[in-house]
Amino acid sequence: MIAIHQQTGLDLFNPLQEILKKHLNLSAACVPSIDVPANARDPLRNQYNANAITHAITASRKFDLHLVVVDVDLYAPGMNFIFGQADPVSKTAVVSIYRLAGTRLNERLAKEVVHEILHLLGLSHCPDSDCIMYFSNTIADTDRKKVSLCNSCRRKLEAL
């Protein structure tokens, strides 16, 4: 079971629950909303460090996996921005809707959520631009890829 933590102005639990069930056969529990930690904000960048957000959630270990959905702009050291990030050690992933907004929000959110949860399950990035595990450097990358694994990644997941 995966715990879904939200910090957005939208109620995304039902769409997220459907995404997880449909694409990963995982059940989800809605847990109390979180506040993005103040120390996660970098005032020079006006962005939030994804690592600080995932670390704030790791204290709660009632669930196997944790997904945090936020509406702030995320970054990771060495990156201009990120759509999401997974920490396989803590089994916690964070996805931001900040750069996914628009008419394709639900589709983009599904892709980023599935991508990050698959990282938590042990998959790494894939060079196949159609594969869900392809690294999205732009929103066009996210829009182009499918919500499914390529044959190579599917075999890797089955072997885990």
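The values are calculated or read from the model by the stated rules, or taken from the named source; none is laboratory data. These numbers were taken from a predicted model, which means no experiment stands behind them. Every residue, glycine as well, gets a Cβ built from its backbone with ideal geometry; the counts of neighbours run over all protein chains shown.
Scanning segment 68-98 for residues that are part of a loop (DSSP other than H, G, I, E, B) and within 24 Å of Ala3 (Cβ to Cβ) gives Asp71, Val72, Asp73, Ala76, Phe83, Pro88, Val89, Ser90, Lys91, Ile97, Tyr98.
Return a yes/no flag: does segment 91-98 have any residue that is of a type in the set (D, E, K, R), at pLDDT 95 or above and touching a strand residue (DSSP E or B) at 6+ places or on another chain (Cβ under 6 Å). Checking segment 91-98: not a single residue is of a type in the set (D, E, K, R), at pLDDT 95 or above and touching a strand residue (DSSP E or B) at 6+ places or on another chain (Cβ under 6 Å). Looking at this structure, is Leu123 in a helix (DSSP H, G or I), aliphatic (A, V, I, L, M) and over 11 Å from the mean Cα position of the chain (by Cα)? No.
The set of residues from segment 71-90 being at pLDDT below 95 and of a type in the set (D, E, K, R) comprises Asp71, Asp87. Candidates are the residues of segment 23-70 that are of a type in the set (D, E, K, R) and modelled with pLDDT of 90 or more; the one that is nearest to Leu121 (Cα to Cα) is Arg41. Restricting attention to segment 86-108 and to residues that are of a type outside the set (A, V, I, L, M) and within 14 Å of Leu65 (Cβ to Cβ), the residue that is surrounded by the most Cβ atoms within 10 Å (Cβ to Cβ) turns out to be Thr92. In this structure, is Val113 at pLDDT 95 or above and under 20 Å from Pro32 (Cβ atoms)? Spelling it out, Val113 is indeed at pLDDT 95 or above and under 20 Å from Pro32 (Cβ atoms). In segment 8-21, the residues that are buried (at least 17 other Cβ atoms within 10 Å of the Cβ) form no Cβ pair under 8 Å with any partner that is in a loop (DSSP other than H, G, I, E, B) and charged (D, E, K, R), whether six or more places apart or across chains. For segment 61-80, give me each residue that is closer than 18 Å to Val36 by Cα, crowded, with 16+ Cβ neighbours inside 10 Å and of a type in the set (A, V, I, L, M, F, W, C). Those that are closer than 18 Å to Val36 by Cα, crowded, with 16+ Cβ neighbours inside 10 Å and of a type in the set (A, V, I, L, M, F, W, C): Leu67, Val68, Val69, Val70, Val72, Leu74.
Would a scan of segment 131-146 turn up a residue that is surrounded by fewer than 21 Cβ atoms within 10 Å (Cβ to Cβ), touching a helix residue (DSSP H, G or I) at 6+ places or on another chain (Cβ under 8 Å), outside any helix (DSSP H, G or I) and small (Gly, Ala, Ser)? No, because not a single residue in segment 131-146 is surrounded by fewer than 21 Cβ atoms within 10 Å (Cβ to Cβ), touching a helix residue (DSSP H, G or I) at 6+ places or on another chain (Cβ under 8 Å), outside any helix (DSSP H, G or I) and small (Gly, Ala, Ser). Filtering Ala50, Ala56, Ala29, Ala40 for residues that are over 18 Å from Asn106 (Cα atoms) and either within 15 Å of the chain's Cα centre (by Cα) or among the aromatic types (Phe, Trp, Tyr) (or both) leaves a single hit, Ala50.
Checking each residue of segment 45-60 against the condition of being charged (D, E, K, R), buried (at least 16 other Cβ atoms within 10 Å of the Cβ) and in contact with a strand residue (DSSP E or B) (Cβ under 8 Å, 6 or more places away or on another chain) gives no match.
Remark: pairs (first residue in segment 143-160, among the β-branched types (Val, Ile, Thr); second residue surrounded by 14 or more Cβ atoms within 10 Å (Cβ to Cβ); Cβ separation under 7 Å; 6+ apart in sequence or on different chains) = Val147/His23; Val147/Ala110; Val147/Lys111; Val147/Val114; Val147/Ile132.
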